[in-house]
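To start, the structure under review is shown below, and the notes come after it.
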Amino acid sequence: MIMETDNSNPILLVEDNPVDLDLTLRAFAARKISNKILVARDGEEALKYIDLWENGEPLPVVILLDLNMPRVNGLEVLEKIKSHERFKTIPIVILTTSSESTDLKSAYHLGANSYIVKPVDFEKFIDVARHIDVYWRVINKPI
Amino acid sequence: MNKTDSSGSSFSLFDNLLEGCQIIGFDWSYIYLNKAAEVHNRRANTELYGMNYIISWPGIENTHVFRVIKRCMEDRISEKIENEFIYLDGKRKWFLLSIQPMPMGILILSVDITDNKLSEKALIESERKFKSVFESSNIAKSITTLKGEINVNKAFCDMLGYSTEELKNKNWADITPQEEIGMINNEVDSLIKGVRRSTRFKKRYVHKNGSLIWTDVSVALVLDETGKPLYFLTTVVDITEQKHAEMVISKLNEELEERVARRTSQLESANRELETFTYSVSHDLKAPLRGIDGYSKLLDDMYKNKLDEEAQFFISSIRSSTLKMNQIIDDLLEYSRLDRSKMTLTRIKISEFISSIISAYSDEVASNKFKLALDSPDIEIMADPKGLKIALRNLIDNAIKFSAVKSDPFIRIRVEERESSWLLSVNDNGVGFEMKYSQKIFVIFQRLHKAEEFPGTGIGLAMVSKAMQKMDGKAWAESTPGIGSTFYLEMSKTK
């Protein structure tokens with residue numbers, strides 16, 4: 001599923017929960033983030049992007065990755081991308097519901113760049129979208 | 001032959017013999033006594049010469065020695081005899097008498113063997129005593145020859161179910177399990193070689209019924225006066241019951257260890273399940289909450305002008321309920337995390353520690369929402385920093401909440417060092433509570449007030465109680481309704 005918002009480099013959002021997916025998109029919209037947002041609905045869909053990138057599709061500025069997904073989970077996606085010769089530099093931000101999660105530790109071991117606890121309070125959610133926006137701009141800034 | 005003229009000269013060669021020499025004529029009268037005989041008779045020659053032998057030893061005619069002497073006198077048969085004489089004063093002496101015929105009657109040579117006799121008697125007595133102790137002892141004993149032949153007492157026979165007859169001439173190896181013979185031979189060797197005088201070991205004997213009897217065996221090697229080994233003296237204590245008890249205990253221990261291991265692994269797996277469960281609770285319960293809150297907010301933002309006041313009130317109620325539920329989930333997660341966490345007691349400079357906690361409230365203190373005072377000596381206490389912080393923060397939050405209605409909220413934190421504990425207290429001048437609820441308030445989800453009076457999830461004080469419990473400490477409260485409350489945390493010094 002590809003949702004076009006702009007023509008600059010996209011953001012890849014990997015999220016299986018439809019409500020979380022919709023709210024994240026709306027939070028980005030509320031923050032007026034103009035990047036194209038690509039969406040993968042599970043790990044398998046996310047991994048398909050690797051082929052697309054190899055075929056010259058523009059790389060995302062950041063990947064927002066939910067860990068808890070059916071079939072291929074977020075950790076496997078993380079491992080595949082972070083062990084890829086060319087794509088390992090793409091910043092990956094983990095979306096989690098709890099900072100206590102043991103998966104979070106594993107994610108850091110696998111090379112995750114950051115994590116975000118998805119807030120219940122929607123206003124905070126919008127705030128998080130702003131942080132992500134700032135984050136990828138800083139991390140992708142050419143030196 | 002005349003008694004008098006025969007004395008003195010004719011037998012003078014006997015005079016200085018160490019043996020007593022006395023010559024008694026056919027008429028039983030003393031003819032000659034040398035010096036030693038005088039000593040043996042304890043009477044002077046002069047007193048005895050011419051005296052009748054039978055009269056000089058009253059009652060002698062009924063004794064065995066007299067019959068021997070008489071036989072020699074009459075039948076001319078020489079004989080040797082040991083005899084105990086009783087003197088007139090009742091004293092006794094043993095003599096070896098050599099009685100031989102001679103032309104004028106008989107010659108009696110006497111040697112004092114009293115000392116020999118006494119030691120011999122003592123030996124016999126000692127042997128008799130030993131035998132009686134050996135035989136009648138309740139403890140199994142064996143006198144074992146150097147070749148290994150046993151000579152056992154009744155207790156030994158009873159222990160192994162044999163009769164004395166059945167064990168006669170048996171070797172210890174006959175009643176010992178094959179696999180122990182080597183070990184015992186080593187022990188025996190060490191005794192023979194003089195490495196040790198005695199040894200002690202545990203061994204089994206084969207009972208007549210084939211069962212094995214566990215015993216504690218002490219063996220001593222008995223030597224003669226020249227140091228030559230004579231025999232082994234073995235004492236055997238039946239410890240089958242003790243061994244059996246030991247085996248039962250060791251079996252029980254094994255079972256217990258197994259059970260502990262099983263239980264531990266069950267607990268570990270339960271813990272893992274609980275962790276998964278709490279993760280799932282946080283993940284799966286929160287996702288729908290995000291939906292409820294997000295769409296309520298969107299509804300409010302995008303359709304505000306199409307909704308009347310009541311509808312907007314509904315939406316804000318939905319949102320506040322959602323956030324409340326979110327808070328409960330967070331508190332529950334924290335409680336479960338606390339419950340699962342390990343506490344390690346470390347030295348804490350308590351004054352600094354509390355100061356850093358209350359610095360988090362400096363904005364509210366600065367804006368005069370409440371006063372916060374700390375009264376603490378400059379000491380170190382032993383506590384888990386994380387646990388103590390959770391307990392103190394919850395108590396301070398609690399105090400702030402329940403004193404906020406007062407015009408001049410005042411919270412005092414005190415630290416007191418006691419003989420065997422440290423006592424921390426958080427006092428407020430808030431609404432207080434009735435003492436009958438002083439236990440109940442520490443129970444999870446127990447609340448004394450309506451949510452609109454004082455918000456809360458009913459988990460805060462349960463956290464305090466749990467944190468203290470994890471540190472082997474205690475938490476309790478005292479209060480007067482309308483006046484205020486004091487919550488106490490006590491940490492024992494003896495850890």
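The values are calculated or read from the model by the stated rules, or taken from the named source; none is laboratory data. Quick caveat: nothing in here was measured; it's all calculated off a predicted structure. All Cβ positions, even for glycine, are placed from backbone atoms using ideal geometry, and neighbour counts span all protein chains on display.
Against the conditions (1) within 47 Å of the chain's Cα centre (by Cα); (2) closer than 17 Å to B:TRP57 by Cα, B:LEU97 satisfies every one except (1).
Of the residues contained in segment B:184-204, none is found to be surrounded by 13 or more Cβ atoms within 10 Å (Cβ to Cβ), of a type in the set (S, T, N, Q) and in contact (Cβ under 8 Å) with a residue 60 or more places away in the chain. B:GLN266 falls short on exactly one of the conditions (1) at pLDDT below 90; (2) under 30 Å from A:LYS118 (Cβ atoms), and that condition is (2).
Screening B:SER479 with (1) over 30 Å from B:SER321 (Cα atoms); (2) free of Cβ contacts under 8 Å to residues at least 12 places away in the same chain; (3) not hydrophobic (A, V, I, L, M, F, W, C) gives one miss only, at (2). Scanning segment B:290-307 for residues that are part of a helix (DSSP H, G or I) and farther than 27 Å from B:ILE329 by Cβ yields B:MET302, B:TYR303, B:LYS304, B:ASN305, B:LYS306.
One line per residue, one yes/no per condition, for (1) among the polar types (S, T, N, Q); (2) more than 57 Å from the chain's Cα centre (by Cα); (3) at pLDDT below 95; (4) not in a strand (DSSP E or B):
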position: B:ILE358; (1), (2), (3), (4): no, no, yes, yes
position: B:ILE381; (1), (2), (3), (4): no, no, yes, no
position: B:VAL405; (1), (2), (3), (4): no, yes, yes, yes
position: B:GLU419; (1), (2), (3), (4): no, no, yes, yes
position: B:VAL426; (1), (2), (3), (4): no, no, no, no
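Do we find that B:ASP363 is surrounded by fewer than 18 Cβ atoms within 10 Å (Cβ to Cβ), acidic (Asp, Glu), without any contact (Cβ under 8 Å) to a residue 24 or more places away in the chain and not in a strand (DSSP E or B) in this structure? So B:ASP363 passes the test. Every condition in (1) without any contact (Cβ under 8 Å) to a residue 12 or more places away in the chain; (2) on the phi > 0 side of the Ramachandran plot; (3) not acidic (Asp, Glu) is met by A:THR102 except one, and the failing one is (2). Kindly check whether there is at least one residue in segment A:29-39 that is assigned to a loop (DSSP other than H, G, I, E, B), at pLDDT 90 or above and out of contact with any Gly (no Cβ under 7 Å at 6 or more places or on another chain). For segment A:29-39, residues assigned to a loop (DSSP other than H, G, I, E, B), at pLDDT 90 or above and out of contact with any Gly (no Cβ under 7 Å at 6 or more places or on another chain): absent. Residue by residue through segment A:70-96, note down the ones that are in contact (Cβ under 8 Å) with a residue 24 or more places away in the chain and either part of a helix (DSSP H, G or I) or in contact with a Ser or Thr (Cβ under 6 Å, 6 or more places away or on another chain) (or both). A:GLY74, A:LEU75, A:GLU76, A:VAL77, A:LEU78, A:GLU79, A:LYS80, A:ILE81, A:LYS82, A:PHE87, A:VAL93, listed by residue number. Checked against (1) closer than 23 Å to B:LEU345 by Cβ; (2) surrounded by fewer than 17 Cβ atoms within 10 Å (Cβ to Cβ), B:PHE445 passes all but a single condition, namely (1). Look at (1) crowded, with 17+ Cβ neighbours inside 10 Å; (2) in a helix (DSSP H, G or I); (3) touching an Asp or Glu at 6+ places or on another chain (Cβ under 9 Å) and you find that B:MET343 fails only one, number (2). Of the residues screened, B:SER336 is one that is within 14 Å of chain A (Cβ to nearest Cβ), assigned to a helix (DSSP H, G or I) and within 23 Å of B:SER465 (Cα to Cα). Please find, within segment A:51-70, the residue that is nearest to the chain's Cα centre (by Cα) out of those that are under 21 Å from A:TYR108 (Cα atoms) and away from chain B (no Cβ under 14 Å). The residue in question is A:LEU64.
Output the residue which, of all residues in segment B:267-304 that are among the hydroxyl-bearing types (Ser, Thr, Tyr) and more than 10 Å from every other protein chain (Cβ to nearest Cβ), is nearest to A:VAL19 (Cα to Cα). Here the answer is B:TYR303. Among the residues of segment A:87-109, those identified as in contact with a Lys or Arg (Cβ under 6 Å, 6 or more places away or on another chain) and either among the small types (Gly, Ala, Ser) or more than 10 Å from every other protein chain (Cβ to nearest Cβ) (or both) are A:LYS88, A:LEU95.
Among the residues of segment B:64-88, count how many are over 20 Å from B:ILE23 (Cβ atoms), more than 60 Å from the chain's Cα centre (by Cα) and at pLDDT 85 or above. Residues meeting the conditions: 2.
To keep it simple, each residue is scored yes or no on (1) among the charged types (D, E, K, R); (2) modelled with pLDDT of 90 or more; (3) surrounded by 12 or more Cβ atoms within 10 Å (Cβ to Cβ).
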| position | (1), (2), (3) |
| --- | --- |
| B:ILE124 | no, no, no |
| B:LYS129 | yes, no, no |
| B:SER137 | no, no, yes |
| B:SER142 | no, yes, yes |
| B:VAL152 | no, yes, yes |
| B:LEU160 | no, yes, yes |
| B:GLU165 | yes, no, no |
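Selection of segment A:97-120 for residues being touching a Ser or Thr at 6+ places or on another chain (Cβ under 9 Å) and closer than 17 Å to A:ASN17 by Cα yields A:THR97, A:SER98, A:ILE116, A:VAL117, A:LYS118, A:VAL120. Residue count for segment B:271-303, restricted to those that are touching a residue at least 60 places away in the same chain (Cβ under 8 Å) and acidic (Asp, Glu): 1.
So, B:ILE106, is that one touching a helix residue (DSSP H, G or I) at 6+ places or on another chain (Cβ under 8 Å), among the aliphatic types (A, V, I, L, M), surrounded by fewer than 16 Cβ atoms within 10 Å (Cβ to Cβ) and modelled with pLDDT of 90 or more or not? Answer is no for this residue. If the condition is being within 13 Å of another protein chain (Cβ to nearest Cβ), within 15 Å of the chain's Cα centre (by Cα) and either in a loop (DSSP other than H, G, I, E, B) or of a type in the set (D, E, K, R) (or both), then segment A:110-134 contributes only A:LYS118.
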